[in-house]
Amino acid sequence: MEKEFTVIIEQDEDGFYIAEVPALKGCYTQGKTIKEILEKERVASDYIKLNHGKVSNLSVVLTFQGERTIFVYHQDWDYRLPDLANASWIYLTSMAESFSNSNIMDEVYHYIAKSKAKLAFGPGTFQLKANVKRYPKILEKCEVIFSNLEEAKRILEISESEIVNERDLLSRIHLLGPKTLVITDGANGSYVSDGNRNLKIGIFPTKLVEKTGAGDAYASGFMAAIISRMPLEEAMTWGAINAASVIVETGTQNGLLTKEQLLKHRHNVKNFKAVNF
């Protein structure tokens, strides 16, 4: 007897794609057609490289009462920046531990210096482990850097248990070079500084189902606003709305908003704004 099942392909906050069969609890498998999926979503695949003979990354996400634990296997890759066309922005984020054996960070720096592209940086697990302060040229070129509160402390080599004022965190990371800092802090909202102003915004009211992908959703909403030449206050609002939409769904892609959907939500919550602190 044949049965049909719904398969959901999703990306976790470190950028890894997994496929879930909701009807079969605990059934996760690596997707082998990621390139095709991206193309269907109209994401350009010009620079996607298929590494034949290598397995892919593997993630298993356990969720309980809205919280999640993620078990991740990072496949080592040979990182080399392709011959990229000029772009207005480049987003640098999570890579496998093998990135530290490559020249990828220098290659990104030289691309930015040559193309005049602006850099947004969301350090991943192994970049944080390697210590992002090892890459001062990247930090100095960084237009926007994203982290959560725990990651911000790790960047500054502060104990996770130590209580630090948000203003102090922002000012100390500024000293490393980035122009705009974004720190998310779960239910407490997010904080942004451009060196002149410190801004904060709460979370967009919603029903929590599962938090995986909230940080990435915030960053994508924030960057969509910045690329659209919106002020920081509005970028924070876009980020918070997009993150709130993701956490009402299981997985990291199901709740992501299009620009049109986001603007509709924004129109309905005109009083939801970032404030100085």
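The values are calculated or read from the model by the stated rules, or taken from the named source; none is laboratory data. Worth saying up front: this structure is predicted, and the values here are computed from it rather than measured. Here Cβ is always computed from backbone atoms with ideal geometry, including for glycine, and neighbour counts include all displayed protein chains.
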Scan of region 157-171 for residues that are over 20 Å from residue 233 (Cβ atoms) and surrounded by fewer than 16 Cβ atoms within 10 Å (Cβ to Cβ), ordered by number
157, 159, 160, 161, 162, 163, 164, 165, 168
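For every residue, the table says whether it meets (1) touching a residue at least 40 places away in the same chain (Cβ under 8 Å); (2) surrounded by fewer than 14 Cβ atoms within 10 Å (Cβ to Cβ); (3) within 18 Å of residue 136 (Cα to Cα).
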{"site": "86", "(1), (2), (3)": "no, yes, no"}
{"site": "91", "(1), (2), (3)": "yes, no, yes"}
{"site": "117", "(1), (2), (3)": "no, no, yes"}
{"site": "122", "(1), (2), (3)": "yes, no, yes"}
Taking the residues in region 124-156 that are in contact (Cβ under 8 Å) with a residue 24 or more places away in the chain and of a type in the set (D, E, K, R) as candidates, determine which candidate is nearest to residue 179 (Cα to Cα).
143
If only one of 242, 271 is assigned to a helix (DSSP H, G or I) and not hydroxyl-bearing (Ser, Thr, Tyr), which one is it?
242
Within region 166-177, does at least one residue satisfy the condition of being more than 23 Å from residue 133 (Cβ to Cβ) and in contact with a helix residue (DSSP H, G or I) (Cβ under 8 Å, 6 or more places away or on another chain)?
no
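Every residue, every condition in (1) touching a residue at least 60 places away in the same chain (Cβ under 8 Å); (2) in contact with a Cys (Cβ under 8 Å, 6 or more places away or on another chain); (3) surrounded by fewer than 16 Cβ atoms within 10 Å (Cβ to Cβ); (4) not aliphatic (A, V, I, L, M), yes or no:
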{"residue": "200", "(1), (2), (3), (4)": "yes, no, no, yes"}
{"residue": "206", "(1), (2), (3), (4)": "no, no, yes, yes"}
{"residue": "210", "(1), (2), (3), (4)": "yes, no, no, yes"}
{"residue": "216", "(1), (2), (3), (4)": "yes, no, no, yes"}
{"residue": "220", "(1), (2), (3), (4)": "no, no, no, yes"}
{"residue": "239", "(1), (2), (3), (4)": "no, no, no, yes"}
{"residue": "263", "(1), (2), (3), (4)": "no, no, yes, no"}
Based on this model, can you work out whether residue 143 counts as under 20 Å from residue 91 (Cβ atoms) and touching a Lys or Arg at 6+ places or on another chain (Cβ under 9 Å)?
yes
I need a count of the residues in region 245-256 that are in contact with a helix residue (DSSP H, G or I) (Cβ under 9 Å, 6 or more places away or on another chain) and outside any helix (DSSP H, G or I).
6
Qualifying strands (runs of 3 or more DSSP E) (wholly inside region 1-104; at least 3 residues being modelled with pLDDT of 80 or more and either out of contact with any helix residue (DSSP H, G or I) (no Cβ under 8 Å at 6 or more places or on another chain) or within 25 Å of residue 221 (Cβ to Cβ) (or both))
89-92
Loosely packed, with under 15 Cβ neighbours inside 10 Å and not aliphatic (A, V, I, L, M): does that describe residue 228?
yes
Could you tell me which residue of region 89-123 is farthest from the chain's Cα centre (by Cα), considering only residues that are among the charged types (D, E, K, R) and under 18 Å from residue 180 (Cα atoms)?
116
Residue ID - nearest to residue 65 (Cα to Cα), chosen from residues in region 241-255 that are at pLDDT 90 or above and surrounded by 21 or more Cβ atoms within 10 Å (Cβ to Cβ):
247
